[in-house]
Amino acid sequence: MVSNSDFVGRDIISVGDFGREELLFLLDAADRFESETRPLLAGKVAAALFFEPSTRTRLSFESAMGRLGGCCIGFAEGGVSSQAKGETLADTVRVVEGYGDLILIRHPREGSARLAAEFAGVPVVNCGDGAHQHPTQTFVDLYTMRRECKRLDGLHVVFVGDLRYGRTVHSLVTTLGHFDARLTLVSPSFLRLPKELRRELQEREVDFTEAQKVEPVIADADVIYVTRIQRERFTDPLEFEKAKDAFRIDNTMLHKAQPGVAILHPLPRVNEIPPEVDSHPHAAYFRQAHYGVAVRKAILGLLLGQAGEDTA
Ligand code: NCD
């Protein structure tokens with residue numbers, strides 16, 4: 001049986017560290033935390049070390065911290081930190097653990113959050129490490145799916161876009177394996193889901209197929225999860241040019257989908273969803289961004305041991 005104590009002082013580095021029951025526990029906590037206004041985190045400080053651009057992740061964590069009476073310190077780009085003077089990440093983390101009760105880190109290098117956790121004596125939350133993982137976005141995505149679809153088990157989720165570099169996709173596909181999902185992975189062939197992840201899905205007997213066109217596969221989708229082409233991770237600019245307008249989900253295409261389909265996107269979007277889709281009743285991406293606050297309130301409350309009564 002999962003309880004609050006399973007989360008206290010814990011690092012959040014990889015979604016692989018969270019089983020089905022823990023994920024459901026976290027989503028239930030987010031439901032409770034959505035309307036939580038007590039200053040449960042008064043006097044607590046979160047340190048946000050962001051070495052890559054961010055709007056939603058950093059600001060929703062800051063908002064969550066502020067709404068629970070705590071505060072956030074940090075920087076939003078490495079260039080203004082002592083990294084610019086040659087400081088190692090390990091040293092930065094050893095210093096910052098003395099300033100905050102928890103460290104939120106986003107860094108372009110895969111494995112950087114794990115490295116930070118090795119050096120920090122306070123919990124570390126991976127807010128995106130290169131093209132690898134983005135676990136708290138996955139918690140937000142699962143929370144959104146459960147709210148929009150009124151269930152989480154047995155969904156048909158169609159992923160569209162840059163499945164090779166999209167870290168939110170990498171974290172979400174493995175996690176959906178706990179919920180008996182059927183996955184359709186739509187991308188150009190050079191942006192397929194990485195081989196190791198495909199192998200992992202096969203080993204875990206997750207039902208998935210790959211496709212190169214969206215239209216034929218959306219008719220029975222419960223969720224369409226659209227992603228941005230991750231320009232900053234391409235080594236070959238010509239490849240990016242080929243990919244950049246590969247998929248666009250517009251209203252004409254959505255006529256072929258079920259009326260209840262939920263359209264998700266971790267955002268930011270570029271060209272892949274035109275603004276005309278925003279008024280579709282099931283365009284859930286702005287709600288998804290807003291749910292980030294409830295989910296991150298729950299994460300902070302749980303890791304810092306201030307999640308209220310343990311009802312388990
Ligand atoms: C994503 C990220 O940073 O990986 N954004 C986010 O956190 N919501 C997606 C992206 O940048 O495309």
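The values are calculated or read from the model by the stated rules, or taken from the named source; none is laboratory data. These numbers come from a predicted model, not from an experiment. We place every Cβ from the backbone using ideal geometry, glycine too, and count neighbours over all the protein chains shown. To get the accessible areas, we keep the full protein, side chains included, count just its heavy atoms, and leave off ligands, DNA and RNA. Shrake-Rupley method; radii C 1.70, N 1.55, O 1.52, S 1.80 Å.
Summarising the strand pairing of the chain, around 5 percent of its internal DSSP beta bridges are antiparallel.
Using the 1.4 Å probe convention, the accessible area of segment 1-117 works out to 47 Å² per residue with neighbouring protein chains retained. Sorted into 10 angstrom bins from 0, the C-alpha pair distances of segment 118-162 split as 21, 40, 27, 12, 0 percent.
This model, with +1 at the C-beta of Lys and Arg and -1 at the C-beta of Asp and Glu, gives segment 180-297 a dipole about its Cα centre of some 340 debye. Dimensions of segment 220-289 along the principal axes, based on C-alpha atoms and rounded to the nearest Å, stand at 39, 25, 21, largest first. Probing with 1.4 Å while keeping every protein chain in the model, the per residue accessible area of segment 135-289 equals 43 Å². In plain terms, if you count all Cα to Cα distances in the chain and split them into 20 Å steps from zero, the share in each step is 34, 58, 8 percent. Amide hydrogen proximity for F208: with H placed 1.01 Å from N in the peptide plane, the residues at 5 or more positions away or on another chain lying under 5 Å are L183.
Dipole orientation for the chain: of the candidates V261, S81, G166, S81 has the Cα lying most toward the positive pole (charges on Cβ; Lys, Arg +1; Asp, Glu -1). Per atom type, segment 135-289 shows carbon and sulfur on 49% of its accessible surface, probed at 1.4 Å. Only lysine pairs 8 or more places apart or on separate chains count here, and in segment 135-289 those with Cα atoms under 24 Å apart total 8.
Per-residue Karplus couplings for segment 250-263, computed as 6.51 cos²θ - 1.76 cosθ + 1.60 with θ equal to phi - 60°, are listed in order as 10, 5, 4, 5, 5, 4, 7, 8, 5, x, x, 4, 9, 9 Hz, Gly and Pro entered as x.
What translational D, rounded to a whole number of µm²/s, comes out for segment 135-289 from Stokes-Einstein when the hydrodynamic radius is the Kirkwood one over Cα pairs, at 20 °C and 1.002 mPa s? In µm²/s, the coefficient rounds to 139. Counting only alpha carbon atoms, the long axis of helix 20-34 and the longest principal axis of the chain meet at about 70°. Estimated from helices alone, the mean residue ellipticity of the chain at 222 nm is -10500 deg cm²/dmol (sum of -39500 (n - 2.57) over DSSP H runs with n ≥ 4, per residue). Farthest toward the positive end of the dipole of the chain, out of F190, V270, V226, is the Cα of V270, where the dipole comes from beta carbon charges about the Cα centre.
Farthest towards the positive end of the charge dipole of the chain, among the residues A243, V293, F208, is the Cα of A243, using unit charges on the Cβ of Lys, Arg, Asp and Glu. Each label point was placed 7 Å from the Cα along the Cα-to-Cβ direction; for M253 and R287 their separation is 2.1 nm.
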